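Take a look at the structure set out below.
The values are calculated or read from the model by the stated rules, or taken from the named source; none is laboratory data. Since the structure is predicted, the reported quantities are computational estimates derived from the model, not experimental observations. In this analysis, Cβ positions are derived from the backbone assuming ideal geometry, glycine residues included, and neighbour counts consider all displayed protein chains. The accessibility values were calculated without ligands, DNA or RNA, using every heavy atom of the protein model including side chains. Shrake-Rupley method; radii C 1.70, N 1.55, O 1.52, S 1.80 Å.
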Amino acid sequence: MAAETNHHHHYNHNSHTTKSNKEVSSMIKQGFISDPFLLSPNHSSRSPQPQLLSLPRVSPLSPNSNSLSPPPTPTRPTLFDMISNDDHTRHSRHSLEARQRVSRVLEEAPFRNPGNWGGFGDVKLSISGRDGFRVSMDVHRRVLADRSRFFAAKLLRSDGVGGEGGGGGGGVLHSVEICDCDDVEVYVEAVVLMYCDDLRRKLVGEEVSKVLGLLKVSAAIMFDAGIIACLEYLEAVPWSEEEEDKIVTHLTELQLHDSVAEVLKRVSSDSLTSLRADNIFLKLLTGVLEAKDDKARREMKTLISRLLREEASLNQYSNENRLDVSKDTLYHLCHGCLSSLILSLSEATCVDESKKDRGVLMGEIAREADNMQWIVEILIHKKMGDEFVKLWADQKELAALHSKIPIMYRHEISMITAQLCIAIGRGHILVPRDIRYALLSTWLEALYEDFAWMRRANRSMDKKLVEDGLSQTILTLPLPQQQSILLNWFHRFLNKGDDCPNIQRAFEVWWRRAFVRQYVVESQLQITVCDYPN
């Protein structure tokens with residue numbers, strides 16, 4: 001905020017002093033003189049001399065001045081008098097809209113009613129923007145001094161230069177100009193706000209962006225009541241996410257310290273550590289896995305997955321240590337799902353001895369398999385799925401139980417194998433070849449058997465995606481293992497057709513590797529030992 005103020009002090013000269021109209025016009029243009037009655041043509045050689053003080057400057061016009069021209073009778077300024085524009089912005093659409101908004105503010109401005117303040121204002125306050133938009137207001141010294149520590153300090157200092165300041169009804173005694181404002185409208189509204197007793201009520205219904213502007217101006221002129229009112233408003237109203245970013249940025253830049261603590265409690269917590277955050281994530285994920293309502297469980301799975309993906313994308317471009325669900329937490333949940341799945345399958349294989357209804361057991365199997373798919377999806381997205389591939393490949397007991405359950409109830413379990421093959425085929429999971437082979441050795445037969453039901457019962461399953469993932473995973477193995485798997489598939493496909501995954505592409509690649517290209521890799525390492533005579 002740059003401010004221009006003028007000290008107009010009338011005094012007697014020992015020598016005759018004159019100024020040309022050209023000089024005076026230049027001073028007006030520069031903003032050194034803004035009080036029209038000081039430029040009266042009736043002024044004699046004893047007319048006032050402007051005194052330029054350091055920024056910001058506030059100086060009084062002594063009521064005991066010996067000016068030859070009496071001060072004019074105060075008149076109520078019109079809105080046209082109060083608002084002006086430079087020529088180069090007069091037709092600007094932005095300026096026109098700003099003029100209209102400021103006009104509405106000034107129409108109801110308290111300082112325009114002299115009856116409430118003992119007369120017209122004794123401070124001519126001019127506010128000009130960088131685009132040439134300018135507003136002049138006759139406001140009251142006592143209001144500025146009472147409400148703003150900035151104005152109080154400057155006006156008291158000016159009293160020491162020019163004598164006692166005048167009251168509210170004796171005409172303009174001070175001339176103050178604030179230049180190069182970012183938003184003239186907000187400065188005008190901040191001045192109007194100084195005249196209000198109930199600031200909180202005045203701000204009701206305002207937009208957050210407007211209140212942020214008022215807060216910035218209030219802080220600049222040390223209008224403490226305005227600062228408090230704006231902060232109370234921001235603390236009480238709801239924010240959009242876009243507004244939230246602006247509020248946090250503005251409050252940080254203004255450096256109001258403890259004053260903003262209540263406002264920022266909505267978005268910050270000093271006590272939230274990584275350990276506490278991980279405990280919260282564990283409770284949320286566990287809550288989803290154990291949800292009673294299936295529709296709500298599906299909705300929350302989708303929501304949590306989306307939020308975790310958003311968090312991961314933020315971490316990708318930031319070096320900050322953001323609070324995140326830990327690998328240990330995810331694998332803790334994996335082991336829990338596995339235990340529940342094995343228990344449900346065990347009970348289902350001896351359903352006659354179990355007290356549970358068969359349909360209930362099958363529902364539990366499908367539910368636990370679906371839960372496992374969700375956790376595996378999160379692990380893959382967070383690039384933490386390598387350990388799970390080994391864990392899943394080692395589930396010999398679970399695979400044996402799986403083969404004893406009717407396909408219509410167990411096919412969701414094979415979707416987990418499909419997930420892993422897709423991730424391996426895309427390069428999203430990197431594991432040694434012995435683990436890749438163990439995965440297929442344990443679960444490929446189950447996948448073949450369940451494939452038809454997977455296609456029919458799971459509408460969201462992408463058949464081609466599963467087939468491509470399986471093909472790529474097989475082709476990462478040594479050629480003899482490729483041959484063993486693909487010859488077995490060849491005979492199965494001839495008997496099952498579309499009920500078996502179609503991995504012809506992998507078969508073609510294996511064929512060319514085995515019979516067409518026939519790469520031979522020989523050791524290039526040769527060691528020669530030579531004895532040289534002494």
Item to check | Odd one out for Glu347 among (1) over 21 Å from Phe451 (Cα atoms); (2) open to solvent by 60 Å² or more (accessible area, probe 1.4 Å); (3) among the charged types (D, E, K, R) | outcome: (2)
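Rundown of residues vs (1) loosely packed, with under 14 Cβ neighbours inside 10 Å; (2) modelled with pLDDT of 75 or more; (3) not charged (D, E, K, R), yes/no style:
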residue: Phe80; (1), (2), (3): yes, no, yes
residue: Ser84; (1), (2), (3): no, no, yes
residue: Asp87; (1), (2), (3): yes, no, no
residue: Ser95; (1), (2), (3): no, no, yes
residue: Gln100; (1), (2), (3): yes, yes, yes
residue: Phe111; (1), (2), (3): no, yes, yes
residue: Ile127; (1), (2), (3): no, yes, yes
Checklist entry - Would it be correct to say that Asn495 is in a loop (DSSP other than H, G, I, E, B), out of contact with any Lys or Arg (no Cβ under 6 Å at 6 or more places or on another chain) and farther than 30 Å from Glu387 by Cβ? => result no
Next on the checklist: If I go through the stretch 379-398 residue by residue, how many of them are in contact with a Ser or Thr (Cβ under 7 Å, 6 or more places away or on another chain), surrounded by fewer than 21 Cβ atoms within 10 Å (Cβ to Cβ) and part of a helix (DSSP H, G or I)?
Outcome noted: 1
Next on the checklist: What's the total number of residues in the stretch 399-411 that are under 20 Å from Ser460 (Cβ atoms), surrounded by 19 or more Cβ atoms within 10 Å (Cβ to Cβ) and in contact with a Phe, Trp or Tyr (Cβ under 9 Å, 6 or more places away or on another chain)?
Outcome noted: 2
Checklist outcome for this item: Picked from the stretch 172-193 (must be surrounded by fewer than 21 Cβ atoms within 10 Å (Cβ to Cβ) and in a loop (DSSP other than H, G, I, E, B)), the residue modelled with the lowest pLDDT is Asp182
Checklist entry - Does the stretch 502-519 contain any residue that is hydroxyl-bearing (Ser, Thr, Tyr), out of contact with any helix residue (DSSP H, G or I) (no Cβ under 8 Å at 6 or more places or on another chain) and surrounded by fewer than 19 Cβ atoms within 10 Å (Cβ to Cβ)? => result no
Checklist outcome for this item: (1) at pLDDT 95 or above; (2) within 19 Å of Asn502 (Cα to Cα) all hold for Ile429 apart from (2)
Checklist outcome for this item: Within the stretch 105-160, the count of residues that are among the aromatic types (Phe, Trp, Tyr) and under 42 Å from the mean Cα position of the chain (by Cα) comes to 4
Next on the checklist: I need a count of the residues in the stretch 292-310 that are surrounded by 15 or more Cβ atoms within 10 Å (Cβ to Cβ) and modelled with pLDDT under 90.
Outcome noted: 1
